[in-house]
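The values are calculated or read from the model by the stated rules, or taken from the named source; none is laboratory data. This one's a predicted model, so the numbers in the text were calculated from it and none came from an experiment. Cβ sites come from the backbone with ideal geometry, for glycine too, and all protein chains shown count toward neighbours. SASA here: full protein model, heavy atoms, side chains in, ligands and nucleic acids out. Shrake-Rupley method; radii C 1.70, N 1.55, O 1.52, S 1.80 Å.
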Amino acid sequence: MEANLLVRYGPAGYMAAKSEIHGILTKIGDQKEEVDLLVPGLVAVKTKLASRKVIEEARELYVSNPEQFRATLKWQPADNWCESIVDVIKKTFKDEIKDLLTPDDTYIIDINIHRSNLQSAEIISAIAPLLKGKMDYDRPQKIVSIEVFEKEIHSKAPSWVRSLRQDALSRFQALGFPTLRDEEWKYTSVEPIV
């Protein structure tokens with residue numbers, strides 16, 4: 001799946017976020033999006049709609065009724081995907097992204113690393129010379145956002161197994177570890193696994 005949106009979600013969990021994403025995208029014009037859990041708290045969404053248009057329309061929906069957004073926290077476009085290797089990231093910036101900034105733009109670089117050995121400093125030193133404009137942490141006009149994942153973020157398991165795993169993780173996030181008050185666990189201590 002080549003997703004074109006990244007959506008962060010909060011304590012409401014994966015299933016609530018997935019349902020909210022579907023509701024919002026249905027209002028915007030896509031009823032057949034694909035949602036895939038990348039790491040707890042972050043999903044990739046593939047929609048037939050242009051990602052930046054989705055962000056604009058989602059912002060308008062939020063302004064008109066913020067209550068529609070209870071489970072999701074942040075929606076952002078995913079313009080490009082590449083391997084989590086510094087040289088590949090640098091090439092992607094050189095070929096695809098550097099022209100999105102003009103010399104008059106101010107920007108920040110926001111890097112989030114998920115289960116990877118790469119360091120933010122490595123990435124910044126590789127891409128900063130390629131970017132036009134000026135870095136400004138106080139009043140940036142644009143945010144260059146980079147999400148770095150382990151090399152193989154998606155399991156090789158079939159989609160139905162991944163879906164079951166996502167549902168189980170969401171349920172666990174909502175319920176937590178069982179306690180002695182739960183009937184099925186009444187006589188079982190979970191101390192060894194906690």
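Quick notes on this structure:
- In region 99-143, the residues that are more than 24 Å from A44 (Cβ to Cβ) and touching an Asp or Glu at 6+ places or on another chain (Cβ under 6 Å): T106, G133, Q141
- Just so you know, in region 119-130 the residues that are free of Cβ contacts under 8 Å to residues at least 12 places away in the same chain and part of a helix (DSSP H, G or I) include one that is most open to solvent (accessible area, probe 1.4 Å), and it is P129.
- Residues being closer than 25 Å to F172 by Cα and either open to solvent by 90 Å² or more (accessible area, probe 1.4 Å) or of a type in the set (S, T, Y) (or both) are represented in region 95-118 by at least one member.
- For region 131-145, taking the residues that are exposed (fewer than 15 other Cβ atoms within 10 Å of the Cβ) and in contact (Cβ under 8 Å) with a residue 24 or more places away in the chain, the one that is nearest to L38 (Cα to Cα) is identified as I143.
- Complete set of residues in region 39-59 that are buried (at least 17 other Cβ atoms within 10 Å of the Cβ) and in contact (Cβ under 8 Å) with a residue 60 or more places away in the chain: L42
- For region 12-34, filtered to residues that are free of Cβ contacts under 8 Å to residues at least 24 places away in the same chain and within 18 Å of R70 (Cα to Cα), the residue that is surrounded by the most Cβ atoms within 10 Å (Cβ to Cβ) is H22.
- Residue that is modelled with the highest pLDDT [pool: residues in region 14-61 that are of a type in the set (D, E, K, R) and assigned to a strand (DSSP E or B)]: K46
- The one condition in (1) farther than 20 Å from E2 by Cβ; (2) charged (D, E, K, R); (3) at pLDDT below 75 that K142 fails to fulfil: (3)
- Close pairs (7 angstrom Cβ cut-off, 6 or more residues apart or separate chains): closer than 21 Å to V39 by Cα in region 168-194, at pLDDT below 75 and not aliphatic (A, V, I, L, M) anywhere: V194/F177
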